[in-house]
Every structure is written in structure tokens, then in C-alpha cells.
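Worksheet for the structure shown next.
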Amino acid sequence: MERIFSGIQPTNDLHLGNYFGALRNWVTLQESAECTYCIVDLHSLTASIEPAELPERTLRLAVMLLAIGLDPPRTTIFVQSHVPAHAELAWLLQCVTPVGELNRMTQFKEKSHGRESVSTGLFTYPVLQAADILLYDAAAVPIGEDQKQHLELSRDIAQRFNNRFGDTFVIPEPLIPGVAARVMDLQHPERKMSKSADSALGTIFLLDSSDDIAAKVKRAVTDSEPAVSYDPQQRPGVSNLIEILAASTEGRPDDIASRYSTCAQLKADTADAVNAAIEPVRARYASLSADLGEVAAVLRNGADQAVLVASATLRRAYTAVGLYRS
Ligand code: AQP
């Protein structure tokens, strides 16, 4: 079976972009592939999170991953910092990654913009991401479009390592959905929807109430044209709503656009469709939250399985670069 790997940060509650861009694919892939999914808590240290909040956020994210339909032990779910090989391989990979390649990363430019001081961790974030993926011999990585550049860097790093030290890593392919690959912020449709946006008004969280979702969609920024048409470049706000409705109903953006004459009706139907799509997730989240001991056990078992695969790959990489092993 093909191996799949992907990760998500415990930086805040999950939103519709995470779900449509990546997580829905994570669930589908369980049917046809050997899947390993990771809560990348080491990555989240590059954002400013209160240490006291991180354990609870990590556990809540694990509950959410089960609520969306991930199914252990068929699928491995674990926490990145429980498997030391991630940090160890990241060091090896940093030693073959030119600074110039990291300087080109758009996410680094965006996240460091205007900041007085930027951590080395934020700069080398994509190298740790490459280590995450390469440790599990992943042939494919389900991600949203915003992560495409990082995945390309992972491929370049793996190729460079293999050329220099001999075949060690599988070269991963990105798996990006055709619709809603980049869900945009409802208030700033030129920016992607994000967990850590300044205002929650532009972000639909999976745990938002139906009323909150209806209110956020109603207030979504569109434009001065009253008619509905799908044109992401010229009409990002309206087109974002159309994509959200398409992803919620498994429809096609062009077909949906042709069925609406007013933005008000588009907004009303989008809110209803989003609520229908995520209501089962909210219900499962509530019932799974009643037994956090069970969720903690899933993460312990996941780490045990992940360690086996990751340490074998790390050994291969250590031997390839010539480190002495007794
Ligand atoms: N707006 C989005 N549209 C489609 N896919 C998205 N993803 C994130 N935002 C969108 C995808 O979700 C997966 C997990 O993302 P992450 O938590 O690891 O980091 P991120 O990409 O940095 O997501 P956020 O929400 O923007 O988090 P913060 O604000 O904490 O940085 C990835 O596959 C990503 O592509």
C-alpha cells in the first residue's frame, strides 16, 4: 500500500480551510493507503503560544482528528515531539539545505514581515517539515495549496540528499484538492483563512455554532456587483463563497455560480451547506471529549508505531552521511 503522511499544528482550533484543503483528504485516503498523521507541536513553537495552553490544544486537536473520521489503529496519529527522530533528521537535512532556498519561502516572508525579531526556527520550519515527511517514506502528502512551495522544497532536499549520499528517501508528491485548495478569509478575501488571523470574523472554525457561521457568512466581504459570477482573480470574495459552497456540497464552482442571481441567496445557502457538512464533526467532537483518556491512548499507540518507522529511516540517513554507528 502507498504510504501517506501529513501534519497539522496545534496552534488554534481547526477551520474550514484546514478541513476542505487537507483534512477531508486525510480521511478519504485511509480507504486506499497506509496513513500516518502528525500533530506538529514542534512547529507550533515558531508561533507565540502560551506553554500552559499547548498540552490542552494538542489533546483537543487529537479529539478533532478523531471527530473528522480518522480511524486508529488503521491510521497512525501521533504527536511530533514524542518521536525524537523528527528533530534529529531535521539537523541532517539543514546541513544539505542552502540558506538561499529558505530565503525564497513565501510563508517565511509573510510570517516574518514587520517583525523586529524572527527566530531561526521560523526560518528552518520547512526543513523540519521535510524531515516529518521523509521519515515515513511518504509517496504522497495531502495538503492545502499554501503548503505547495514547502512540499516542493521537501522534494528538492530529498533529491539533493539522494544524489549526494545514495538512495535514502522516497520523493513525495503533493495531493491538493481541485476545489477549495485555498479557502480565503471572509473579511479579507485576498488572504487565506488562517487559525491565527487577527479577527475571528473572517475564519469559520469547525466548532463555531450554526448561528455564528450564519452570521460570519452573512457579513462576508464581497464587492459592489450585485450579480454572482465565479472569477477568483477579479471577484475573490464572491468566488470564495462559491468555492466553499462547492466544497460543502461536492459541486462545481461554475455550475454553482450559474444557479445564483444574488449574493444574499448565495450567502444563505453557503451557510446552510457549511453547517450541514460540519454538523456531524461537531457532534462527534462533543461525544469524544467525554473520554480524553481514550484519546491519550490513541496518541501513545500512534507514537509507538511511528517510532518504529522513523528510527529505521533515521538509521539509514545516519549511515548514508557516514556517521559512526557501533
Ligand atoms: N485557508 C486554507 N485553505 C486550504 N488549506 C489550508 N490549510 C491551512 N489553511 C488553509 C491546510 O491545512 C493544513 C494544516 O495547516 P497547519 O495548521 O499546519 O498550518 P498552516 O498552513 O499555517 O495553517 P493556518 O490555519 O494558517 O495556521 P496558522 O495560522 O497557525 O499558521 C495544511 O495542509 C494547510 O495547507
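The values are calculated or read from the model by the stated rules, or taken from the named source; none is laboratory data. From a predicted model like this one, the values you see are computed outputs, not experimental measurements. Cβ sites come from the backbone with ideal geometry, for glycine too, and all protein chains shown count toward neighbours. Please note that ligands, DNA and RNA were not included when accessible areas were found on the heavy atoms of the full protein model with its side chains. Shrake-Rupley method; radii C 1.70, N 1.55, O 1.52, S 1.80 Å.
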Gaussian network model of the chain, springs between alpha carbon atoms under 10 Å - residue of Thr76, Thr168, Thr120 with greatest fluctuation: Thr120
Of all accessible heavy-atom area on the stretch 200-286, the percent that carbon and sulfur account for (1.4 Å): 51 percent
Karplus 3J(HN,Hα) series, Hz, for the stretch 262-268 with 6.51 cos²θ - 1.76 cosθ + 1.60 (x for Gly, Pro): 10, 5, 4, 5, 4, 5, 4
Extension gain (nm, one decimal) between Ser196 and Asp255, 0.36 nm per residue minus Cα-Cα: 18.0 nm
Backbone N under 12 Å from the Met1 label point (7 Å along Cα→Cβ), restricted to the stretch 61-75: 71-75
Accessible surface, 1.4 Å probe, highest first, among residues Arg60, Arg300, Arg155: Arg300, Arg60, Arg155
The stretch 200-286 - percent relative contact order, Cα under 8 Å, separation 6 or more: 32 percent
Whole-angstrom gap from the stretch 177-233 to the stretch 4-18, using each part's C-alpha centre: 17 Å
Tyr125, Tyr230, ranked by accessible area, largest first (probe 1.4 Å): Tyr230, Tyr125
Glu243 accessible area, 1.4 Å probe, all protein chains in place, Å² to nearest 10: 40 Å²
Label point distance in nm, Ala52-Arg315, each placed 7 Å from Cα along Cα→Cβ: 4.4 nm
Helix-only CD estimate at 222 nm, as mean residue ellipticity for the chain, using -39500 (n - 2.57) per DSSP H run (n ≥ 4): -16000 deg cm²/dmol
Gaussian network model of the chain, springs between alpha carbon atoms under 10 Å - residue of Ser117, Ser239, Ser229 with greatest fluctuation: Ser117
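For the stretch 200-286, report the accessible area per residue in Å² (1.4 Å probe, heavy atoms, rounded to an integer).
Details: 4180 Å² over 87 residues.
Counting only protein heavy atoms, the per-residue value for the stretch 200-286 is 48 Å².
What is the gain in length, in nm to one decimal, between Ala268 and Asp211 on full extension, counting 0.36 nm per residue of separation less the C-alpha to C-alpha distance?
On the way: separation 57, 0.36 × 57 = 20.52 nm, distance 1.17 nm.
Additional length available on full extension: 19.4 nm.
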Debye intensity ratio I(q)/I(0), log10, the chain, q values 0.10, 0.14, 0.16 Å⁻¹ (C-alpha model): -0.60, -1.13, -1.39
Karplus (6.51, -1.76, 1.60) ³J(HN,Hα), θ = phi - 60°, over the stretch 181-197, in Hz, Gly and Pro reported as x: 6, 9, 7, 9, 5, 5, 8, 10, x, 8, 10, 6, 4, 9, 5, 10, 5
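When only C-alpha pairs under 8 Å and at least 6 residues apart count, what is the relative contact order of the chain, in percent? Don't jump to the answer; show the numbers that get you there.
Numbers: 512 pairs, mean separation 76.1, N = 326.
Relative contact order of the chain: 23 percent.
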Zone residues, the stretch 1-36, relative to Ala87, backbone N less than 13 Å from point 7 Å out along Cα-to-Cβ: none
Whole-number accessible area per residue in Å² for the stretch 1-135, which is evaluated in the context of all protein chains at 1.4 Å: 42 Å²
Highest-fluctuation residue, Ala140, Ala310, Ala200 considered, GNM on the chain with Cα pairs under 10 Å: Ala200
